[in-house]
Amino acid sequence: MKSPLDGIRVLDLTNVLAGPFCCHQLAHLGAEVIKVEVPKTGDLARQLGADPELNAAGMGVSFLAQNAGKKSVTANLKTEAGREVLRRLVATADVLVENYRPGVMNRLGLGYEALKEVRPNLIYCAISGFGQTGPWTHRPAYDQIIQGTSGVMAITGDAGSAPLRVGYPVADTVGGLTAAFAIAAALNAPERGGFIDVSMLESLIATMGWAVSNWLIAGQRPTPNGNENLTSAPSGTFMTGTGPLNIAANKDEQWRLLARHIGREDLLERPEFATREERKRNRAALKAEIEKSLAGRSARDWARELNQLGVPAGAVLELPEVLEHEVIRERGMIARFSAAPGVDRPISVLRTGIKIDGIAPAVAAPPPALGADNDDILASLGFSPDQISTMRDRSEI
């Protein structure tokens, strides 16, 4: 199968997560992604993750997770030789992605205006916390900072636990997806080329949907509501005999099916539960009644039976459980590499959430060692073996 981005060259000048995750998506869609890293240290993610030995080897779990299928070239952009390496790469590239603080690339003489002189149709994507303009342009931004400033933490948890951080780097991930989406669109433009400014803050707010619109349109201030879905009832998390169960009986017919299946037709006759609005107003009492009837069975049994009836339900799983479940295992979302540079064991990493014609897009190579492709790529750019050796000795690559 020919990949959608086959023949596209992307330069990945990014670190840690938002940018690498963006380029991870592009690599799986067929782009040739060349990671341009700082000599000797590389992407900070090489030193991050739950395995200290891999961190010491420069192949930290955080790096392995986002960089399969990429190539690695080193260039010290603070030196003229390193900048010349990048300029020659840009002359061959379709896309450049960077997540330096705004202004850094301009100060190096490598901003969009300079590089489009080298490659007029270059798509230049800059990912930052707060965008390239505005009063917070120069603030440092990490995922947790964005979660807090976006309003996400304020509505996560319940009245007793909020503000609460989402349990994974949602701002970085959404920022990376937003950038990949914008780049894919730009590649399809009648005339390629342009500057894409991705704000992680704006990217995350853009996903908040009803929470934002309820305030902008209806004047309703968002509140933290734990596991309850305030748009309907019964819709939330309910305790069973063996653990929590999510039920989303958002339609009246689903509510009636649920009540009958758990043996509580009497609830259908009670005026405080007669309509959606009444059920929402009395959700705590309704939840207590439902949980009495769920206590005798397991969450998985209830989920299976309710789904068969057409009532959306699902047991709350821990991550290892869902990764081993056939719903993930059989659809090709996990890639397994028998070896990777500097790693003394097989590794398993995620692909994307996409299937094209029933096939999960995949890359052929594991994440690269730092500078693994220096010789081949620099030679293809016209550097001689002696020049490459000299640049290496001078820490320019």
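The values are calculated or read from the model by the stated rules, or taken from the named source; none is laboratory data. Remember, it's a predicted structure, so these values are computed and weren't measured experimentally. Cβ: placed from backbone, ideal geometry, glycine included. Neighbour counts: every protein chain shown.
General remarks:
- Spans of helices (runs of 4 or more DSSP H) in region 108-206 with at least 1 residues at negative phi and touching a strand residue (DSSP E or B) at 6+ places or on another chain (Cβ under 8 Å): 112-118, 170-187, 200-206
- Of the residues screened, A50 is one that is free of Cβ contacts under 8 Å to residues at least 12 places away in the same chain, in the same structural domain as R351 (by TED's automatic domain parsing) and of a type in the set (A, V, I, L, M, F, W, C).
- Residues that are part of a loop (DSSP other than H, G, I, E, B), of a type outside the set (K, R) and assigned by TED's automatic domain parsing to the domain that holds S389 occur at least once in region 22-30.
- Residue list for region 95-117, restricted to those being crowded, with 16+ Cβ neighbours inside 10 Å and over 18 Å from A179 (Cβ atoms): L110, K116
- Residues of region 198-243 that are among the small types (G, A, S) and more than 26 Å from W136 (Cα to Cα): A218, G219, G226, S232, A233, S235, G236, G241, G243.
- Apart from one condition, E305 fits all of (1) among the acidic types (D, E); (2) surrounded by fewer than 13 Cβ atoms within 10 Å (Cβ to Cβ); (3) farther than 30 Å from I356 by Cβ; the exception is (2).
- Selected residue [at pLDDT below 95 and either within 18 Å of P163 (Cα to Cα) or in the same structural domain as L309 (by TED's automatic domain parsing) (or both)] from N246, N214, N225: N225
- Check on A364, touching a strand residue (DSSP E or B) at 6+ places or on another chain (Cβ under 8 Å), of a type outside the set (S, T, N, Q), not in a helix (DSSP H, G or I) and not assigned by TED's automatic domain parsing to the domain that holds R256: no
- For E265: the one exception among (1) surrounded by 13 or more Cβ atoms within 10 Å (Cβ to Cβ); (2) of a type in the set (D, E); (3) closer than 20 Å to E305 by Cα: (1)
- Residue count for region 12-45, restricted to those that are in contact with a Ser or Thr (Cβ under 9 Å, 6 or more places away or on another chain) and either of a type in the set (F, W, Y) or within 14 Å of K70 (Cα to Cα) (or both): 16.
- Condition met for N246 (touching a residue at least 60 places away in the same chain (Cβ under 8 Å) and part of a strand (DSSP E or B)): yes
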